[in-house]
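Just so it is clear, none of the values below were taken in a lab; they were calculated from the coordinates. What you see is a predicted model; the values in this text were computed from it and never measured. Here Cβ is always computed from backbone atoms with ideal geometry, including for glycine, and neighbour counts include all displayed protein chains.
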Amino acid sequence: MVGIARIVNHEMHLYNFAPIGALGLFCGAVIKDKRIAFSLAIFAQLLGDIYISLFTQWQGFYGIEQVFVYAALLLVALLGSQMGQPRSWKVLGYTLAGSTIFFIVSNFGVWLSIEFGKVDLFHYGRGFQGLVNTYVNAIPFFKNTLAGDLAGSVLLFGAYYLLQLGFSRKLQKASV
């Protein structure tokens, strides 16, 4: 579902407004088998990249900086695995941290690819000024990442909480 949200939002030009980071955070926090937990966000991103590559005018697979996008998703899932019992304020803090990790790592990959030879399509420049320009120009995308991750975390962790609550009530009724 998260991969589909990424595709729909891409088609609507709401770039980065997809809860893939929230999925990684949720899976890292909730799924015990970490191979599965770490794979789901990667799979959602990959699904979106394949669709974008095959069915749009954009490149779904666009260069070495994409390795940093996938690495950032793995780091967010790793962050989620350190959450412990999800509580609302904890989920909020981890979501903010996860979105920030994604922003820092993925945009570092963009700068690094320009620094080591990729054509600088957006004229960010090279060196320290290029690094600063990369991050400054990515702020609108960060806003979308943050909004998508916050919405995704509310939905995923909220649904998980409600399911747990309903299940524990059924257990209480069964034991009476």
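A few remarks follow.
- 5 angstrom amide H check on GLY60, placed H, neighbours 5+ away: SER53
- Per-residue Cβ neighbour rank within 10 angstrom, fewest leading, SER39, SER53, SER106: SER53, SER39, SER106
- Look at ILE50, ILE36, ILE101 and count the other Cβ atoms within 10 Å of each Cβ; fewest to most, that gives ILE36, ILE50, ILE101.
- Per-residue Cβ neighbour rank within 10 angstrom, fewest leading, ARG87, ARG35: ARG35, ARG87
- Using C-alpha pairs below 8 Å separated by at least 6 residues, the relative contact order for the chain is 29 percent.
- For the chain, the tally of Lys pairs with Cα-Cα distances below 28 Å comes to 7, considering only residues 8 or more apart or on different chains.
- The phi torsions of segment 144-153, fed into the Karplus equation with coefficients 6.51, -1.76 and 1.60 and a -60° offset, translate into couplings of 5, 4, 4, 4, x, 5, 5, 4, x, 5 Hz, rounded to whole numbers, with Gly and Pro shown as x.
- Computed over the chain, the percent of Cα pairs more than 27 Å apart is 30.
- Across segment 126-140, coupling constants 3J(HN,Hα) worked out from phi with the 6.51/-1.76/1.60 Karplus curve, θ = phi - 60°, read 10, x, 4, 5, x, 4, 4, 4, 4, 5, 5, 6, 8, 4, x Hz, and Gly and Pro carry x.
- Full-extension gain in nm, LEU155 to ASN137, via 0.36 nm per residue minus C-alpha separation: 3.6 nm
- In nm, spacing of pseudo-spin labels at PHE167 and ALA147 (7 Å Cα→C-beta vector): 3.3
- C-alpha long axis of helix 34-55 to longest principal axis of the chain, angle in °: 50
- GNM result for the chain, Cα springs below 10 Å: residue of ALA159, ALA18, ALA37 fluctuating most strongly: ALA159
- Between the Cα long axis of helix 88-115 and the first principal axis of the chain there is an angle of about 20°, rounded to the nearest 10.
- Kirkwood Rh, Cα atoms: Rg over Rh of segment 114-167: 1.36
- Derived value for segment 75-124: Kirkwood hydrodynamic radius 12.6 Å. Basis is the mean of 1/r over every pair of different alpha-carbon atoms.
- Between ILE36 and PHE116, the simple label model (points 7 Å from Cα in the Cβ direction) yields a spacing of 3.6 nm.
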